[in-house]
Structures are given as structure tokens and as C-alpha cells.
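Below: one structure, written as C-alpha cells.
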Amino acid sequence: QVQLVESGGGLVQAGGSLRLSCAASGRTFSSTVMAWFRQAPGKEREAVGAISRSGVSTYYADSVKGRFTMSRDNAKNTVYLQMNSLEPEDTAVYYCAADGLFQNLNLNHRYPGTYDYWGQGTQVTVSS
């Protein structure tokens, strides 16, 4: 089993920055593809970004390209999401997700159904 715990959310002014962390733990933990998703009230859960097993390759939604950056530290079993130039439209609950399979980063990692493990979510609110 794998447990994911997000942290780092909060309330920030538009134009500000936050860094989210996702710590993975569990006896059977392995460094699979991981992702950040977000969900605003009344909207579908959408992919923010995904990162390959090694951390070399990433995918980002068009809406966050150039503003958000994913990274991972496999020695610490932790994935990060650095969010800069935040906008009110970024307000959502942000979820960390981990693939249960050892597949490489691919186009399917844009979709929530690809992932087997999810964190509890952390609220990000951006005020105007």
C-alpha cells in the first residue's frame, strides 16, 4: 500500500507563490509516475502536471505552463509543485496522485483514471 500526504496549501494574493509537497510512504512504495490534479467546486478534476519516474520528463496543462513546475526527490519519496504567478482561477483543492503500475510517462497520465493512489487534498485559494 502507498499513502500520499499533501501539504503547503493556503491563501495567497494573486501574483504570489506557493510550493506544494506530496510525501509518499508505505512498505510497498515505489517511484512510479506521479501527478498533481486540482478540482474547483462544480468542475471536473483536471490534471495540472505529471512527472516521470526519474523526474527528467514532465507534462503540464496549458493553463499552468510557464508558471508551475513539478519536481521530485526519490530519496525523500517526495514530489513538489512550485506554483508562481498565481491567479484566482488557480483556486482549487490540489490532489497528489501516484500510478500503481511501473509504466513510463505517457499521454494517459493526463487522466485521473490512470492513478491508483490519491492524497487527501490541500486547499489553494488565490485572492484578487
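Summary value for the stretch 76-128: 50 percent relative contact order, contacts being C-alpha pairs under 8 angstrom separated by 6+ residues.
Per residue, the chain exposes 51 Å² of accessible surface when a 1.4 Å probe is rolled over the protein heavy atoms with every protein chain present. Averaging Cα coordinates gives a centre for the stretch 89-128 and one for the stretch 1-64; these two points are 5 Å apart.
Here, the stretch 36-78 is characterised by an Rg to Rh ratio of 1.03, where Rg is the alpha-carbon radius of gyration and Rh the Kirkwood radius. All other residues whose Cβ lies under 12 angstrom from that of Trp118 are scored, Lys and Arg at +1 and Asp and Glu at -1, for a net of -2. The convex hull around the C-alpha trace of the chain, projected and averaged over every direction, spans 7.1 square nanometres.
For the stretch 1-52, a/c is not less than 1.5, where a ≥ b ≥ c are the root eigenvalues of the C-alpha gyration tensor, and a/b tops b/c. That puts it in the prolate class. Checking the a/c ratio against 1.5 first, then a/b against b/c, what shape does the Cα gyration tensor give for the stretch 61-128? Cα axes put the stretch 61-128 in the prolate bin.
The values are calculated or read from the model by the stated rules, or taken from the named source; none is laboratory data. Values in this document were obtained by computation on a predicted structure and should not be read as measured data. Glycine also receives a Cβ, built like all others from the backbone with ideal geometry; neighbour counts cover every protein chain displayed. Accessible surface areas use protein heavy atoms only, side chains included; no ligands, DNA or RNA. Shrake-Rupley method; radii C 1.70, N 1.55, O 1.52, S 1.80 Å.
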